[in-house]
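Take a look at the structure set out below.
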């Protein structure tokens, strides 16, 4: 395939952070409306990639396409490819459940199951037979997942209490712990802090910095400062198109495209 | 208009006011040396207080926007540039005061001919100062690059100064005090020219996002030089 220089830049990977997920000429249509327009974008391993842009720019649609979450949307059609470790996620006979195990997702609003804190962690691994029978293995998985989500110390004495008793920020970290329990390689986060107060937001952001050591993360956010704070790479979308992508520190100090400049400085969008 | 835009416009005006006063102070200081006018020298020294006050105001305005607006990209580069330019302008003002103080001294000493082409050096420095301030206002990086190139000439005159002063003192040891004052003037002019190059580099950063400091290889076409 012939790639333009810009495309090469947006897919460029370095040896330390090879590309894990790669959108190639990827488009999404809702009926007649094209929501994502022939996007080329790579998500480097163990890095945080932020996807920013005004409402309706296609950023959430793209993110949800990465773990086939859009499959349920009626009238939705895709074109192009999304490669996960080189395999096209949109080829025929892909095991979608397996895809979602390896590419987890955290949503805008914390959505714990109406169960205990421990059950929230164990539910996914149990139905997927990913946890050995017996109390010990379960306890170990609950603790390690909650520790990785920086929630263990706050909930260790009430693991059997309902998850609904937690604060919004704690619920969101529980959802992250639940995602981690499935041992994914990639974590997609769709506006994970938009329903949280500044303190809980700061905790989730610290957590993202921690998780980055082990997981590849893609985060969609409306909060530009958050993108600047937490990400290594930023991609700016407008009207379904990828306008600019590059190292976050470059994009927020000296962006190359005027549209990016205008958006991040608040001149439009 | 966005709030930040209005705030940045205020800062632009504030910096413009500081730069106008610094240019004025510099011109007065040079004239005071040229004419050995003690009254003008004293007035020049006095005028620095207002620059000092306004410099603090510019800094406070910048800090306020940084704290409340979380600026990025162009806006961020502008503010960082203003903070640095503001600081450099204040230092140029101080050096202008030093030059005026030399004028005051010289006016009380027996007259001697300046041991170097004071007017030429002062004029080159003045053009650098005007050039860097114009490049700032017009966001003109070509002009900023010409300022960078012009610095070598001022440096060269300053280097020659030592030899010339040495000779002048040898020839007329009784006038050593006066010659030492001129040596100081030359060094202050050279320092001012250095600050002008700092400002020009900051202009290049503000406009392009590229940090051009410590890069002697910046290409300036020969015909683009103004001398």
When restricted to B:34, B:88, the only residue under 14 Å from the mean Cα position of the chain (by Cα) and either in a helix (DSSP H, G or I) or within 14 Å of chain A (Cβ to nearest Cβ) (or both) is B:88
Of all residues in the range A:242-251, which are surrounded by fewer than 22 Cβ atoms within 10 Å (Cβ to Cβ) and facing another protein chain (nearest Cβ under 10 Å)?
A:250
Please work out which residue is farthest from the chain's Cα centre (by Cα), limiting yourself to the range B:166-182 and to residues that are in contact (Cβ under 8 Å) with a residue 60 or more places away in the chain and in a helix (DSSP H, G or I).
B:175
Looking at the range A:45-80 only, could you name the residues that are surrounded by 20 or more Cβ atoms within 10 Å (Cβ to Cβ) and not in a helix (DSSP H, G or I)?
A:47, A:48, A:49, A:50, A:51, A:52, A:53, A:57, A:58, A:67
If residue A:15 satisfies every condition in (1) touching a strand residue (DSSP E or B) at 6+ places or on another chain (Cβ under 9 Å); (2) surrounded by fewer than 20 Cβ atoms within 10 Å (Cβ to Cβ); (3) over 17 Å from residue A:244 (Cα atoms) but one, which is the exception?
(1)
Kindly indicate the residue of the range A:206-241 that is within 13 Å of the chain's Cα centre (by Cα) and in a loop (DSSP other than H, G, I, E, B) and also surrounded by the fewest Cβ atoms within 10 Å (Cβ to Cβ) among those meeting that condition.
A:212
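Okay, residues lined up against (1) under 30 Å from residue B:6 (Cβ atoms); (2) within 14 Å of chain B (Cβ to nearest Cβ); (3) free of Cβ contacts under 8 Å to residues at least 60 places away in the same chain:
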position: A:211; (1), (2), (3): no, no, no
position: A:219; (1), (2), (3): no, no, no
position: A:239; (1), (2), (3): yes, no, no
position: A:265; (1), (2), (3): yes, yes, yes
Would you be able to tell me the number of residues in the range A:253-263 that are touching a strand residue (DSSP E or B) at 6+ places or on another chain (Cβ under 7 Å), at the interface with chain B (Cβ under 10 Å from one of its Cβ atoms) and not in a loop (DSSP other than H, G, I, E, B)?
2
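Read the figures in this text as sums done on the coordinates, not as results from a lab. Remember, it's a predicted structure, so these values are computed and weren't measured experimentally. In this analysis, Cβ positions are derived from the backbone assuming ideal geometry, glycine residues included, and neighbour counts consider all displayed protein chains.
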